[in-house]
Amino acid sequence: MSKVLWNSLLVSPAVLASALVGATLGSGVAGSEAIASEIPADWMPTAQANEFAQPTEFSASGVDLTGAIAQVQDAPSATETANILQQLTEYGSEANSGLITQVTSVSQLRDVQPTDWAFQALQSLVERYRCIAGYPDGTFRGNRALTRYEFAAGLNACLERINEIIAAQIEGVLGRDDLITLQRLVEEFGAELATLRGRVDALEVRVTELEANQFSTTTKLFGESIFALSLAEGGNSVGGETDSGVQFGTRTRLAFVTSFTGNDFLYTRLQINNLDAFSGTNTFTPEGDLKFGVGPYASGSTNVELDWLAYETTVGNARVVFLPVGGIVADFASTITPLDGDGGSGALSRFGTRAPIYNMVEGSGIGLNFDAGPAEVSLGYLARNAGTPTRRNGLFDGAYGALAQVVFKPVTGLQLGLTYVNAYRTDMATGSQLATPVSSLAPPDGLTTISNAYGVQLGYDTGTFAFGGWAGYTNARILDQGLKGDLGIWNWAVNLAVNAGPPGSQFGLVVGMEPRVTKDNFNGALEDPDTSLHVEGFYQYQLTENIAITPGFIWLTAPDHNDLNDDVVIGTLRTTFRF
């Protein structure tokens, strides 16, 4: 709200007073022309100006409006005055609002008493000049303590209508009695107008202070902090005895979201993550790694780093995302699963969050998403070490992942996705050690592979619950000298999400097989001997709008797809703060 509102409340009685004074002088046409000359031409739409183009004469006896004339201020524009009633109604309302429609009688406004003189006076003016608006049910819907202020806004609408008539010089429309009635109404509601002026001034002081101290006019800050208490319990394994230490740490993110045009977004995210991967010291396999922890076999840190940088805009009907740092498929394509919360919500594990095929496309590059009839098409290319311009690195000579995906949406809530990924020196970052040859084998750089991966994702969301799943096959060709050959890797999962409890609360379940090498051409030397199942359950309880608590578990049978390993159970309590 600004001084425009107050100015509009003051200028109307002033112009009205000018009309009466002109009539008192008995100057006929000359007097009306003098009044009209004081009002800017753009106060009234062109169509109305043409309609009311004929000159008119006013004849009325004198009325003393000296006090009102003293209040004259600069007149607002037509655009500003057109919003006055809506602004004042919003200021006094109790949050409920509806579409404003024109009414033709004050008697339709139930919160104005018909026994009041003001009611009867305004009723006559409204029915003559059709100059007040209300809500469809016949009320202003304001806070009842502010009804007089709302009524004053209605009065102001009539004053503005009279100004238009004066400016257009419409002959024989305005009568002296109407002008005197308006004068009396202005005097009777003077206290309300003065109070509104005080409130407007107070609000302007607050707005000025906020503008002077605001962080940015184009940027908003969002934050997420995860407190995680986790424990991995198991027995003997091929890699050693499962470490059963309790882990407590955090992943905290601060994201700056900037928009320059209103149709684009620049995302800048800082992160610290001191949650070590269980694969490094506990389970000795990428199976079961938590999504909110660091990557396979990695150690966490409290160092602040630029975790994600992206710029999103639209080109025609396509959404284009440029990703210099930390890009993932979910930045530009649908992953379909209802449990994809990127670690802060939804599934607890990396495997349960989204289909492993998407983990092969991460880094720096570009993504594209657009609708093609009943389908959604996504294309993307991301390189792991694009910022390092050395041999076997950079945007095109190093590790990369390229994705093409089509998602069909035949009916509301149903999605079917077909995904293809071509990748070099990347893997799915979850599954057995043999199924993650880049992450797990021949450290520190892993084996050199080129992969072709194919995935099918299905999801159906009713609004109350959602279910779906995926199946994926990857052919990974090892290119290292002395170890060349192909690996056939399968994975699958089914999932369920049910809204239960307070809004935002959710029960989730995932059952599946993490990536497993089912075939090789090394006489079985690189095949996983057995089959492991991944069973994950959690309940996300939305404690408040900004705090969610999620207890859950992950049960791995025959970890690393090897019956020689005892089952592993991972329990975790995730608390997510968002601000």
Return a yes/no flag: does segment 348-359 have any residue that is over 21 Å from residue 273 (Cβ atoms) and either assigned by the TED database to the domain that holds residue 456 or of a type outside the set (Asp, Glu) (or both). yes
When you go through (1) surrounded by 14 or more Cβ atoms within 10 Å (Cβ to Cβ); (2) part of a helix (DSSP H, G or I); (3) modelled with pLDDT of 70 or more one by one for residue 153, which number turns out not to apply? (3)
Scope segment 208-224; condition without any contact (Cβ under 8 Å) to a residue 60 or more places away in the chain and surrounded by 11 or more Cβ atoms within 10 Å (Cβ to Cβ); matching residues: 218, 219, 220, 221
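Is segment 430-450 home to any residue that is loosely packed, with under 14 Cβ neighbours inside 10 Å and in contact with a Pro (Cβ under 9 Å, 6 or more places away or on another chain)? Even if it seems obvious, please write down each step before you answer.
Going through segment 430-450, the residues loosely packed, with under 14 Cβ neighbours inside 10 Å turn out to be 442-445.
From the residues that got through so far, the ones that are in contact with a Pro (Cβ under 9 Å, 6 or more places away or on another chain) too are none.
No; the residues of segment 430-450 include none that is loosely packed, with under 14 Cβ neighbours inside 10 Å and in contact with a Pro (Cβ under 9 Å, 6 or more places away or on another chain).
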Within segment 493-520, of all residues that are under 13 Å from residue 469 (Cα atoms) and without any contact (Cβ under 8 Å) to a residue 60 or more places away in the chain, the one surrounded by the fewest Cβ atoms within 10 Å (Cβ to Cβ) is 494
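Only one of 186, 207, 200 is under 30 Å from residue 127 (Cβ atoms) and not assigned by the TED database to the domain that holds residue 348; which? Full working, then the answer.
On the way: 207 fails: under 30 Å from residue 127 (Cβ atoms); 200 fails: under 30 Å from residue 127 (Cβ atoms).
186 is the lone residue from the list that is under 30 Å from residue 127 (Cβ atoms) and not assigned by the TED database to the domain that holds residue 348.
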Can you tell me which residue among 455, 431, 463 is more than 30 Å from residue 391 (Cα to Cα), part of a loop (DSSP other than H, G, I, E, B) and not basic (Lys, Arg)? 463
Within segment 474-507, restricting attention to residues that are assigned to a strand (DSSP E or B) and out of contact with any Ser or Thr (no Cβ under 9 Å at 6 or more places or on another chain), which residue is farthest from residue 525 (Cα to Cα)? 507
Could you give me the residue pairs with C-beta distances under 6 Å whose first residue belongs to segment 551-562 and is modelled with pLDDT of 95 or more, whose second residue is among the aromatic types (Phe, Trp, Tyr) and in a strand (DSSP E or B) wherever it lies, and which are 6+ apart or on separate chains? 552/538
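Out of the residues in segment 272-320 meeting the condition of being of a type in the set (Asp, Glu) and part of a loop (DSSP other than H, G, I, E, B), tell me which one is nearest to residue 532 (Cα to Cα). Spell out the reasoning first.
At the first step, the residues of segment 272-320 found to be of a type in the set (Asp, Glu) are 276, 287, 289, 305, 307, 312.
Narrowing the set further to residues that are part of a loop (DSSP other than H, G, I, E, B) leaves 276, 287, 289.
Working: 276: 23, 287: 9, 289: 14 Å.
By that ranking, first place goes to 287.
The values are calculated or read from the model by the stated rules, or taken from the named source; none is laboratory data. As the structure is a prediction and not an experimental result, all values here were calculated from the model. Neighbour counts are summed over all protein chains in view; Cβ atoms, including those assigned to glycine, are modelled from backbone coordinates with ideal geometry.
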